[in-house]
Amino acid sequence: MAEVLVYVDHVDGAVRKPTLELLTLARRVGEPVAVALGNGAADTAATLAEHGAVKVLTADAPEFAEYLVVPKVDALQAAYEAVSPAAVLVPSSAEGKEIAARLAVRIGSGIITDAVDIEAGADGPVATQSVFAAAFTTKSRVSKGTPVITVKPNSAPVEAAPAAGAVEALSVTFGDAAKGTKIVSRTPRESSGRPELTEAAIVVSGGRGVNGAENFHVIEELADSLGAAVGASRAAVDAGWYPHSNQVGQTGKSVSPQLYVANGISGAIQHRAGMQTSKTIVAVNKDPEAPIFDLVDYGVVGDLFQVVPQLTEEVKARKG
Amino acid sequence: MSLRIVVCVKYVPDATGDRHFAEDLTTDRDAVDGLLSELDEYAVEQALQIADAADDAEITVLTVGPEDAKDALRKALSMGADKGVHVEDDDLHGTDVVGTSLVLAKAVEHVGYDLVLCGMASTDGTMGVLPAILAERLGVPQVTLLSEVAVADGTVTGRRDGDAASEQLQAQLPAVVSVTDQSGEARYPSFKGIMAAKKKPVESLDLSDLGIDADEVGLGGAWTKVEDAAKRPERTAGTIVKDEGEGGKQLAEFLVSQKFI
């Protein structure tokens, strides 16, 4: 069976969930061979093996942390040349997409980004994408070279599928371009203690109706009662009420959780683009004409400062 | 010496319109009005600010697209860019990101550059990978997704806000830079700017001017193929209730019925 390269997104050896979802998709197309780079790379092996990696290629070098993107492209290319895979799958983070795109051009292959599903096809893997602000669903494939496909979080279930996961050191030679862009300093983002926005099963968002940074605790308290991530509309972010890293929409994060709770969000196209593929959508908005109500499974027309705290209390009471 | 800035911009169907696919499964550019991609306005704005801070700079705006794409150039020129370059060729219809990056790379080299500026993504294709590919093709540093950018003494610096960390980046020119919508609100063209833009030069180029074969671009030259495009089914109408004092409890009941609580 053909091998499929899976680029591993991890933090000091802790594998992030979208990579495990990629392994599920990779197994539909071939035998997953994982590529883990940087500090803690070898520590990823046990988790990757549990989820289907037959091999884990690892490399660590200071260049991965000191220079932007290109050293990782050099390493993924080395893995590509060592394995000759049937496809290369990469998580659709900002960095993942850039790594994948540069690799694709180098190896003369087409690239598909932000896939939400992958199936095996007669002419290679077929990728499903959600386009034009999720108004359309397309099926595409790479028609030249080895398919390079990036996949969005929450696109497949995480499945246990024990495999060997043998660790092999990957030999990487960095090219001239590798040291082009220096990372002078890095400030880790402070953890909110809540689930990652793009990976969360439930997302609770606030928009213009929240009417001030000082009111966002109402949204956060509902999120915490549900174990959810907190999102914000562009209006709320542009007003400075909540950080851009939490923005849901075309220029922020695109989320596809089991449940999306929109509070005080009108539902402009810019926002819909980032949440329209959520499984269940509920909304609270005082304007009965708000376009968000066209999307919802359940909507409450009312003042969010009345409705949301009441909902939070109910959730807490029922969860005991 | 003058700082040569090239801003790559895209002419896209208005994202607030009802966008569709054409019969050949390329983006339908007729049904919805086109305009300068909103996210590229941020790149034009940063180019203008970098030029202001430099002793001497010239801003060229570059686009690849059909006849109407000149509108995107005019908008950027009316904001304050100095000249335009329009790559237009019937053989470009259906070109994917790989082909577009090839055309842009050749055109950027044709113009001459110290700094290439791009937006973070187009509002139609939304891939967000073109700047990285352009840097790969040009063999210059990639300094992308910046929410702050500055150029001084032949060095570009900026802040990249990632999911896990915020990074300060630094590279020598020439370089390819992309900026996000957090980089600073784009200015509106003034009346004077709009009038001045009409007199600014726009150079037209075709594929032969850039030494590109027709089979390297277009739908036939694309390295990816869209096999099917289907309109997403409308979401079925949900239940809407008016809060009469029990709205939060009713919503909780719904979430219980769906097993979220």
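Read-outs: derived from the displayed coordinates by stated rules, not from any lab. The shown structure was predicted, so the numbers you read here are calculated from the model rather than taken from an experiment. Here the Cβ is made from the backbone with ideal geometry for all residues, glycine too, and neighbour counts use every protein chain on show.
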Tell me, B:S208, A:S233 in order of fewest to most beta-carbon neighbours within 10 Å? B:S208, A:S233
Antiparallel content of DSSP bridges confined to chain A, in %, to 5: 20
Give me the inter-chain shielding for A:258-267: mean count of other chain Cβ atoms within 10 Å, whole number please. 1
For B:M127, list long-range residues whose amide hydrogen, built 1.01 Å from N in the peptide plane, is under 5 Å from its own amide hydrogen. B:S122
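Tally Lys/Arg at +1 and Asp/Glu at -1 over every other residue whose Cβ is under 14 Å from the Cβ of B:Q49; what's the total?
-4
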Two-site label geometry, B:Q168 and A:R28: point separation in nm, points 7 Å out along Cα→Cβ: 4.5
A:S191-B:D24 pseudo-label distance in nm [points 7 Å out on the Cα-to-Cβ vector]: 5.2
About its Cα centre, chain A carries a charge dipole, from +1 on Lys and Arg Cβ atoms and -1 on Asp and Glu Cβ atoms, whose size in debye to the nearest 20 is 460
Quick calc, chain B, dipole around Cα centre from Cβ unit charges on Lys, Arg (+) and Asp, Glu (-), nearest 20 debye, gives 620
Give the Rg/Rh ratio for the protein assembly as shown, taking Rg as the radius of gyration of the Cα atoms and Rh as the Kirkwood radius, to two decimals. 0.96
FRET efficiency, A:E168 to A:A201 (Cβ-Cβ, R0 30 Å, nearest 0.05): 0.30
Relative contact order of the stretch A:166-320: what whole-number percent is it, with Cα pairs under 8 angstrom and at least 6 residues apart? 20
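Helix-derived [θ] at 222 nm for chain B: sum -39500 (n - 2.57) over DSSP H runs of at least 4, divide by residue count, nearest 500?
-8000 deg cm²/dmol
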Could you give each residue of the stretch B:83-96 its phi-based ³J(HN,Hα) in whole Hz, using Karplus coefficients 6.51, -1.76, 1.60 with θ = phi - 60°, and x for Gly or Pro? 8, x, 10, 10, 8, 9, 6, 4, 6, 7, 4, x, 5, 8
GluC sites (Glu not before Pro) within the stretch A:236-320, DSSP loop, no more than 11 other Cβ atoms inside 10 Å: A:E289
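For the stretch B:3-221, what is the relative contact order in percent, using Cα pairs closer than 8 Å and at least 6 residues apart in sequence?
Working: 488 pairs, mean separation 57.1, N = 219.
Averaging sequence separation for qualifying contacts and normalising by length gives 26 percent for the stretch B:3-221.
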Hey, what did chain A get for relative contact order, percent, Cα under 8 Å, at least 6 apart? 15
A:K139: which lysines have alpha carbons under 28 Å from its alpha carbon, excluding same-chain residues fewer than 8 sequence positions away? A:K17, A:K97, A:K152, A:K253, A:K279, B:K10, B:K225, B:K231
Once phi for every residue in the stretch A:166-179 is put through the Karplus expression 6.51 cos²θ - 1.76 cosθ + 1.60 (θ = phi - 60°), the whole-Hz ³J(HN,Hα) values, with Gly and Pro written as x, are 5, 7, 10, 6, 9, 8, 10, 10, 7, x, 4, 6, 4, 9
Taking the Cβ of each residue in A:V230, B:V6, B:V61 as the centre, tally the other Cβ atoms inside 10 Å and list the residues starting with the fewest. A:V230, B:V6, B:V61
Between A:M1 and A:S84, the two model label points (7 Å from Cα along the beta-carbon direction) sit apart by a distance in nm of 2.0
Skipping prolines and chain starts, which residues have an amide H placed within reach, meaning under 5 Å, of the one on B:S204, given they are 5 or more residues away or on another chain? B:H86
In order over the stretch B:130-144: 3J(HN,Hα) from phi, Karplus 6.51/-1.76/1.60, θ = phi - 60°, whole Hz, x for each Gly or Pro, gives 4, x, 5, 5, 4, 4, 4, 5, 7, x, 10, x, 9, 10, 10
Determine which aspartates and glutamates satisfy two conditions relative to A:K316: a Cα distance under 14 Å, and not lying fewer than 8 residues away in the same chain. A:E220, A:E221, A:D224, B:E253
Taking the alpha-carbon centre of each part, the distance from the stretch A:244-320 to the stretch A:224-238 in Å is 9
